[in-house]
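Asks: Below you'll find the structure I mean.
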Amino acid sequence: MGIRLEGKPVVQELRAALKERIQALGDRGVTPAILILRVGKREDDISYERGILKGCEALGIKSHVMELPVDISMDELIQKIETANKDPGIHGIMLFRPMPAHLDQGRISKAIDPAKDIDCMSPENLEKVFEGNAAGFAPCTPKAVIEILKGYQIPLKGANIVIAGRSMVVGKPLAMLLLNEDATVTICHSKTKDMPAVTRNADIVVAAIGKARFMNSDFFNPDSIVIDVGINDTGDGKICGDVDYDQVIDKVKAISPAVGGVGSITTTILLSHVVQACENFSDDHTTV
Ligand code: NAP
């Protein structure tokens, strides 16, 4: 039976370290604060928002939510972002994606101050990820993958890692973060020939294709370590991953499940970025 790699112990460890940093900021009279700009009432966004607010409350991070009409104009939204950029009481700004089709995400990404861009929307932060510069904010889900692997002390240096999926949200930035950890990285996508032959040879496989239970035991070997990033609706009110967990669990060394795995760490990474942004801001504004 493969080992189940749960997100919970990783979250507990990350949050314990975060509490100390928040306490240290508190000793300097500063409280980290996040502003969530939510366009419309998408159920996924509201559920993610609930998790963020719960985490803020548990850690002592101030939270503000601004719900904006689904038909908000580009100019109005940019104005809200610019106001938040200038507000010294806001350290991190979160906007949920995808946004309504009439909004130009490229323009929005450029409007957000990179110093407050806790979810890596801005080209500046993405560039830092690709440069291997740890000073910016990496996207939360790829960073959560790194944290779960490190949390379980899975060696990354020299490891042969295959990522299934090449989106800008998960696959590509994750490849860069893993390269920064000295892994040897291969990316698969929908045009990859014989993907099981590629993934079977890897030490670690990260599944991020958005296809329910697509990857069965043919994709792995008995020593495979599998991280399932996929979140798919099964159609009966449940969620499943890209990997057929029940069929695979006995045939691999370890697997992180879709529910209770990487997804459970993502919010904590986002909150750690709020704390980091606050630390950066207060360092910049401390007079010696
Ligand atoms: P996406 O933008 O739809 O990208 C999917 C990627 O998978 C594409 O690169 C696509 O290839 C590739 N792909 C699709 N079908 C494939 C197949 N049959 N064989 C090989 N590759 C295939 O999705 P995403 O935003 O990256 O998200 C991926 C999954 O992660 C989704 O289930 C999403 O819900 C989940 N997710 C989870 C979290 C979390 O916190 N846990 C966060 C974000 C996303 P092409 O490029 O060739 O089209």
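Asks: If we sort 95-106, 2-13 on the protection proxy, mean other Cβ atoms within 10 Å, highest first, what's the order?
Replies: Highest to lowest by the protection proxy: 2-13, 95-106.
Asks: Express the accessible area of segment 159-288 per residue in Å², computed with a 1.4 Å probe while the remaining protein chains stay in the model.
Replies: It amounts to 45 Å² per residue over segment 159-288.
Asks: From Cα coordinates alone, what are the radius of gyration and Dmax values for segment 62-167 in angstrom?
Replies: Expressed in Å, the Cα Rg and Dmax of segment 62-167 come to 16.4, 48.
Asks: OK, next. Please list 3J(HN,Hα) in residue order for segment 244-261, calculated via the Karplus relation 6.51 cos²θ - 1.76 cosθ + 1.60 where θ = phi - 60°; whole Hz, with x for glycine and proline.
Replies: Whole-Hz 3J(HN,Hα) from phi for segment 244-261: 7, 3, 4, 7, 9, 3, 7, 10, 10, 6, 7, 8, 9, x, 5, 9, x, x.
Asks: Hey, can you grab everything whose amide H is under 5 Å from the amide H of Ala258? Only 5+ residues off in sequence or another chain; H modelled, so Pro and N-termini drop out.
Replies: Gly241
Asks: Give the average over all directions of the projected area of the C-alpha convex hull of the chain, one decimal, in nm².
Replies: 15.6 nm²
Asks: Using θ = phi - 60° and the Karplus form 6.51 cos²θ - 1.76 cosθ + 1.60, what ³J(HN,Hα) does each residue of segment 221-231 get, whole Hz, x for Gly and Pro?
Replies: Along segment 221-231, the couplings run 10, x, 9, 5, 10, 10, 10, 9, 8, x, 10 Hz.
Asks: Here is a further query. When the Karplus curve 6.51 cos²θ - 1.76 cosθ + 1.60 is applied with θ = phi - 60°, which whole-Hz ³J(HN,Hα) does each residue of segment 138-152 get, with x for Gly and Pro?
Replies: Working through the residues one at a time gives 7, x, 5, 5, x, 5, 5, 4, 4, 5, 5, 5, 5, x, 9 Hz.
Asks: Now, a different point. Pull up all non-local amide H partners of Ala183: gap of 5 or more, or a different chain, and H-to-H distance under 5 Å with H placed in the peptide plane.
Replies: Those qualifying (amide H under 5 Å, at least 5 residues apart or on another chain) are Gly158.
Asks: Report, in degrees rounded to the nearest 10, the 0 to 90 angle that the Cα long axis of helix 74-86 makes with the longest principal axis of the chain.
Replies: 70 degrees
Asks: Continuing with the same structure: Straight-line reach from Lys253: which lysines have a Cα under 27 Å away, not including same-chain ones fewer than 8 places off?
Replies: Lys8, Lys143, Lys150, Lys157, Lys172, Lys193, Lys211, Lys238
Asks: Based on the Cα atoms of segment 1-50, what semi-axes does the equivalent ellipsoid have, where each is the square root of 5 times one gyration tensor eigenvalue, given in whole Å with the largest first?
Replies: 27, 25, 5
Asks: Also, quick follow-up: At 1.4 Å probe size, with every protein chain present, just tell me what the per residue accessible area of segment 1-111 comes to in Å². Write down the numbers at each step before the final one.
Replies: On the way: 6290 Å² over 111 residues.
I get 57 Å² per residue for segment 1-111.
Asks: Calculate the dipole size of the chain relative to its Cα centre from +1 charges on Lys and Arg beta carbons and -1 charges on Asp and Glu beta carbons; express the result in debye to the nearest 20.
Replies: 320 debye
Asks: Ranked from highest to lowest mean number of other Cβ atoms within 10 Å per residue, what is the order of the peptides 157-163, 253-259?
Replies: Per-residue Cβ counts within 10 Å, averaged per peptide and sorted highest first, yield 253-259, 157-163.
Asks: Continuing with this model, one more query. Skipping prolines and chain starts, which residues have an amide H placed within reach, meaning under 5 Å, of the one on Leu68, given they are 5 or more residues away or on another chain?
Replies: Arg38, Val39, Gly40
Asks: Okay, next question. Which percent of the accessible area of the chain is formed by carbon and sulfur heavy atoms (probe 1.4 angstrom)?
Replies: Numbers: 7180 of 14110 Å².
Ligands and nucleic acids excluded, carbon and sulfur give 51 percent.
The values are calculated or read from the model by the stated rules, or taken from the named source; none is laboratory data. No experiment lies behind these values; they were computed from the predicted model shown. Cβ coordinates were reconstructed from backbone atoms using ideal geometry, including for glycine residues, and neighbour counts include every protein chain displayed. The area values use the complete protein model at the heavy-atom level, side chains included, leaving out ligands, DNA and RNA. Shrake-Rupley method; radii C 1.70, N 1.55, O 1.52, S 1.80 Å.
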